[in-house]
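The values are calculated or read from the model by the stated rules, or taken from the named source; none is laboratory data. Just so you know, these numbers come straight off a predicted model, no measurement behind them. Cβ placement follows ideal geometry from the backbone for every residue including glycine, while neighbour counts extend to all protein chains displayed. Just the protein is used for accessible areas: all its heavy atoms, side chains included, with ligands, DNA and RNA removed. Shrake-Rupley method; radii C 1.70, N 1.55, O 1.52, S 1.80 Å.
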Amino acid sequence: MQNIVIQAPAVAQRRTTREWQAADAAHYLHPFTDFKSLAAKGSRIITKAENIYLWDSEGHKILDAMSGLWCVNVGYGRQELINAATKQLQELPFYNSFFQTATPPAIELAELLAQVTPPQFKHVFFSGSGSEGNDTVVRMVRRYWDVLGQPERTVIISRKNAYHGSTMAGASLGGMSGMHAQGGLPIPGIAHIEQPFWFELGQGQSRDDFGLKAAGWLEAKILEIGADKVAAFIGEPIQGAGGVIVPPATYWPEVQRICDKYGILLVSDEVICGFGRTGQWFGCETFGSKPDLMTFAKGVTSGYIPLGGVMVGERIAKVLIEQGGEFNHGYTYSGHPVACAVALANIRVIQREKLVEKVRDDFGPYLASHFAELAKHPLVGEVQSCGLMAAVQLVKDKATGQTFDPALEVGMVCRGHCFGNGLIMRAVGDRMIIAPPLVITREQIDEMVALIRKCLDLTLADATRHGWV
Ligand SMILES: Cc1ncc(COP(=O)(O)O)c(C=O)c1O
């Protein structure tokens, strides 16, 4: 196969790196950042991108194995998406959907989403992001039970180490202790159960047995709260920000069975898993659940412009439409015409280039075979992958699976080597994770895995030198 060399697009450098860093430190508070330590160190300034590569202000080329932030599914520099935005900006840059109005891109996108999502979905509620989408979920499930005359059904069950965004509701649904520690979270009416993380909680049992056990924690929590008080269960098909935790195959079908048994709504947060990431259009299709609501964002526009939303299953849509009256909820940018135009172009690229099928049949299995090799590395305790998401768990002792003292921050050491060697790979504790663009080629997977291996070797050398292994 021909090896295509991706060139950096020409971009005029308006300031030097130091000038950018000084202005950044002086004015810009970054998300999820220790402001003081970043200001002392200086940000890395990313100035351009093409295909699966980024370039920083120093001209370094970086393979972006995280697709921006799990979102650039069709890769950078896609002219069709740029043209769609430009055309829509010229025709109608904005109009809202509040006042009994709609715009053609929003209507067309709603129609197309009803086609590419599982058959129970015919309706969509748009938001500007995944977090906002999950705020809509909280409002909508509670409204649903209210309309049905069961207003006491308000509790939403989620999982520890889940990530559902950073608004008050999103962070509350999420199970990140660091987020709950700031700002008085979670809000009332949210309960958390343990996650289906075999490596941490299930060793000594078969993965399948552990999957059933982990789903059983949901049933136990429902019984503890009282089924008549539980509105919904929410989960990511694969926990992304929690460390690409791929649940055992038994987990989601059992969760579905339990939700059905108690009549509880099932919400699949597809913000990362949606739009092809797992080798199906949506993660719930990979794992065998039939959710009532699905949150999406990121891959719907490949991150070119913000857009999110909630797919609303017929069970809920019917009640809200026929009996609900006015739903007192919405956002200025619900159904933003430019975002919807970009999403339409993006989904058409995914369809035309058969990216979902390629992830399922080619790139996903190819990546998995490479990761199976990485599992032999002395620093690696387990690897997991599904479609184009994968994790490498770093361990102190390969034979026993003993993990490092978290204070050593071995994952951050590894991430530093990745940055230094032209690779963006994220560290979640000592779990190194990737989610590259769906347009990655086999040659580029080879290139990415060679870089990962090099960074594992460098991390092992550091750990050996410091006496950590
Ligand atoms: C599963 C999941 N849900 C929700 C969100 C929040 O999305 P946003 O950052 O667009 O608000 C994220 C973001 O990473 C996510 O991974």
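Here are the numbers:
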| read-out | value |
| --- | --- |
| Centre separation in Å (Cα based) which lies between region 197-214 and region 429-469 | 26 Å |
| Rounded accessible area of Asp446 (nearest 10 Å², 1.4 Å probe) | 60 Å² |
| Residue-level accessible surface for Thr86, protein heavy atoms, 1.4 Å, Å² | 60 Å² |
| 23 Å Cα-Cα reach of Lys396 towards lysines, excluding residues that sit fewer than 8 places from it in its own chain | Lys376, Lys454 |
| Span-like helix ranges in the chain, DSSP H, alpha carbon extent 24 angstrom or more, Kyte mean at least -1.0 | 130-147, 207-225, 442-466 |
| Heavy-atom accessible area ranking, 1.4 Å probe, most first, across His123, His60 | His60, His123 |
| Distance-filtered residues of region 40-58 - backbone nitrogen under 12 Å, label point 7 angstrom along Phe419 Cα→Cβ | 40-46 |
| Whether region 285-344 is rounded, prolate or oblate, judged on the alpha carbon gyration tensor where a/c under 1.5 counts as rounded | oblate |
| Relative contact order computed over region 247-350 (Cα-Cα under 8 Å; 6+ residues apart), in percent | 22 percent |
| Value at 222 nm in deg cm²/dmol, rounded to 500, when DSSP H runs of n ≥ 4 in the chain each add -39,500 (n - 2.57) | -12500 deg cm²/dmol |
| Compactness relative to 2.2 N^0.38 Å, alpha carbon Rg of region 89-169 | 1.35 |
| Cα-based Rg / Dmax (Å) for the chain | 22.3, 68 |
| Percent RCO, i.e. relative contact order, over region 1-116, from Cα pairs under 8 Å lying at least 6 residues apart | 17 percent |
| Relative contact order %, the chain, counting alpha carbon pairs below 8 Å whose residues are six or more apart | 19 percent |
| Cubic angstrom per residue, convex hull over Cα atoms of region 20-67 | 91 Å³ |
| Cα gyration tensor shape of region 365-469, rounded if a/c is under 1.5, else prolate or oblate by comparing a/b with b/c | prolate |
| Residue range of the chain that is longest and free of GluC sites (Glu not before Pro) which are both DSSP loop and sparsely packed (at most 15 other C-beta within 10 Å) | 153-325 |
| Proximal charge balance of Thr103 [Cβ under 15 Å; K/R count +1, D/E count -1] | -2 |
| Within the chain, longest stretch clear of exposed trypsin sites (Lys or Arg not before Pro) (DSSP loop, no more than 13 other Cβ within 10 Å) | 16-353 |
| Summed residue charge, Cβ within 15 Å of Thr17's Cβ, Lys/Arg positive, Asp/Glu negative | +2 |
| Solvent exposure of the chain as accessible area per residue, Å², 1.4 Å probe | 43 Å² |
| Cα-based Kirkwood hydrodynamic radius, region 15-138, one decimal, Å | 18.4 Å |
| Distance between region 34-78 and region 356-413 - C-alpha centres, whole angstrom | 22 Å |
| Area accessible to solvent at Trp217, 1.4 Å probe radius, in Å² | 70 Å² |
| Kirkwood Rh and Cα Rg combined as Rg/Rh, region 125-180 | 1.02 |
| Cross-link partners of Lys290 among lysines (Cα-Cα below 29 Å; sequence separation of 8 or more within a chain) | Lys122, Lys160, Lys213, Lys221, Lys229, Lys261, Lys298, Lys318, Lys354, Lys358 |
